[in-house]
Amino acid sequence: MDRLHIDILGISDVRWKHHGEHRVDNNHVMYYSGSEESSNMHDVAVIINTRSLNTPITFVPVSNRAMMIQIQSKPLNLNIIQLYAPTTEGTNEDVEEFYKQTEQLIKVTKKHDINIILGDMNAKVGRREVKGTVGKYGLGERNDRGDRLVQFCQDQDFVIMNTYFQLPHRRLYTWTSPLHKPDRIVRNQIDYIMINSRFRNCVKSAKTYPGADIRSDHNPVVAEMLLVLKSIRKRQANNRANIRKISCMNCKSEVIREINKWATEAKQSHESVEQQWYELKTKVHKINADILKPDKWVAKELWMTEKIYQLMEKRRLHKNDDELYKSTDIEIRREVRYARNTWYSEKCDRLEELHNKHDAFNLHKEIRAMVGKKYPTHQLVDANNLPVLDPEEKKRIWEKYIKNMFADASRSFNADTNTFEGLPILKDEVRKALLKAKTGKAAGPDNVYVEVLK
């Protein structure tokens, strides 16, 4: 995905049971929809590049052949439907059930949204043009399943985009048949990218990448689109600090010198307590930014080695040689197992060492770094536990929820408006409070760490 600059990747035949989301790395999240049965057959998934698509995402799993991802964009939302149609071994009933599920997904979307269908449709639409649905630059001849796909696109007003761009055949075929031989070419176009016809001009190109490093008899179909996403308002970064640096004698000496410098100036001034506190808080924030600033780091798979990356590049160059590709792939798997096991073994030794030292702070930090942060999805559902996508329906559900929450709002509340100025705070009380304050705690809203004051 990084090498080909792909932000949304649809996958067919994943073979993962159940449904959910899986964080691939710091920048990619995989949403998958599978069967609840013991046999994990078929199944579909979509991988999202969260670094490029920093926007709310709604996940709607339907079955092991159909799912939808809704990405909030402006001025319209983007709905990605990932499909995996039955193969030629499937019956006509299976095909009709598949298209019925797809139509149910399209019904929950809006016609003025950008709706895109991806997937392995196991159908050949061929080069025969159908105005408004199929272009004249397809590949091969249309079969019965292709007729059914064309009928579906006409009924739902979709356009098959990778038949509209004039390209060489190597940029059109998506699947290589097992019957393919050097003297007999058997390559078909059965994977498609479809979009509702209203937004067909958003797609600037659609072609296959036969040189992509994937161990499959399918080639990925990649479309380039122009779309403006609705960005999330990021919270303003507070003045965070790496408070663990204060254990270093050099940092600690600098902090003490800065705080004492402020104390000397404050003692000579005749400002109010509020003004002195404001200046102390400003001084602490400056210490956080200059002395205790966090170290920069780059997120990556820590157990990966340079040798593995070299072998992966070597495997990519041997894509056309099955024997060399397979031997290199086996070597990569062996190196990955060794590197990962070695890394985790060293981490476990580190955890045991911290446990024996009773260093709970660093122990829990190491465990959190190994387990990784969870990214739960929060979806609004209706009474039947189905995701709600309609904004008006969402408003009605929230209105009902608020009314039930404040159903007893008729009770009276008498606030005490009397104010009382207490006795002045003594210096000994402040010193005693600082001595009793626990370290290793998060800073409050003022972002002043107790370690700095101590």
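Points worth noting:
A quick yes/no check of all residues on (1) modelled with pLDDT of 90 or more; (2) of a type in the set (Gly, Ala, Ser); (3) touching a strand residue (DSSP E or B) at 6+ places or on another chain (Cβ under 8 Å); (4) on the phi < 0 side of the Ramachandran plot:
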| position | (1), (2), (3), (4) |
| --- | --- |
| 4 | no, no, yes, yes |
| 9 | yes, no, yes, yes |
| 12 | yes, yes, yes, yes |
| 19 | no, no, yes, yes |
| 22 | yes, no, yes, yes |
| 28 | yes, no, yes, yes |
| 35 | no, yes, no, yes |
| 41 | no, no, no, yes |
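- Residue check, residue 109 hydroxyl-bearing (Ser, Thr, Tyr) and in contact with a strand residue (DSSP E or B) (Cβ under 8 Å, 6 or more places away or on another chain): yes
- From 324, 280, residue being touching a helix residue (DSSP H, G or I) at 6+ places or on another chain (Cβ under 7 Å) and surrounded by 12 or more Cβ atoms within 10 Å (Cβ to Cβ): 280
- Test: residue 309 is surrounded by fewer than 12 Cβ atoms within 10 Å (Cβ to Cβ) and either of a type in the set (Phe, Trp, Tyr) or touching a residue at least 60 places away in the same chain (Cβ under 8 Å) (or both): yes
- Selection within segment 159-176 - in a loop (DSSP other than H, G, I, E, B), touching a residue at least 12 places away in the same chain (Cβ under 8 Å) and not hydrophobic (A, V, I, L, M, F, W, C): 164, 166, 173, 174
- Those residues of segment 161-178 which are loosely packed, with under 14 Cβ neighbours inside 10 Å and more than 19 Å from residue 120 (Cα to Cα), in sequence order: 166, 168
- Criterion: outside any loop (DSSP other than H, G, I, E, B), in contact with a Ser or Thr (Cβ under 9 Å, 6 or more places away or on another chain) and not aromatic (Phe, Trp, Tyr) - qualifying residue of 354, 363, 311: 311
Residues are listed down the side, and each one gets a yes or a no for (1) among the hydrophobic types (A, V, I, L, M, F, W, C); (2) under 21 Å from the mean Cα position of the chain (by Cα); (3) closer than 30 Å to residue 174 by Cβ; (4) at pLDDT 85 or above:
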site: 213; (1), (2), (3), (4): no, no, yes, no
site: 219; (1), (2), (3), (4): no, no, yes, yes
site: 223; (1), (2), (3), (4): yes, yes, yes, yes
site: 238; (1), (2), (3), (4): no, no, no, no
site: 243; (1), (2), (3), (4): yes, no, no, no
site: 248; (1), (2), (3), (4): yes, no, no, no
site: 256; (1), (2), (3), (4): yes, no, no, yes
site: 259; (1), (2), (3), (4): yes, no, no, yes
site: 263; (1), (2), (3), (4): yes, no, no, yes
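- All of 186, 228, 159 fail the test of being of a type in the set (Val, Ile, Thr) and modelled with pLDDT of 90 or more, apart from 159.
- Put simply, of 82, 104 the only residue that is crowded, with 19+ Cβ neighbours inside 10 Å and touching a residue at least 12 places away in the same chain (Cβ under 8 Å) is 82.
The values are calculated or read from the model by the stated rules, or taken from the named source; none is laboratory data. Quantities reported herein were computed from a predicted structural model and do not represent experimental measurements. FYI the Cβ positions are ideal-geometry reconstructions off the backbone, even for glycines, and counts take in every protein chain you see.
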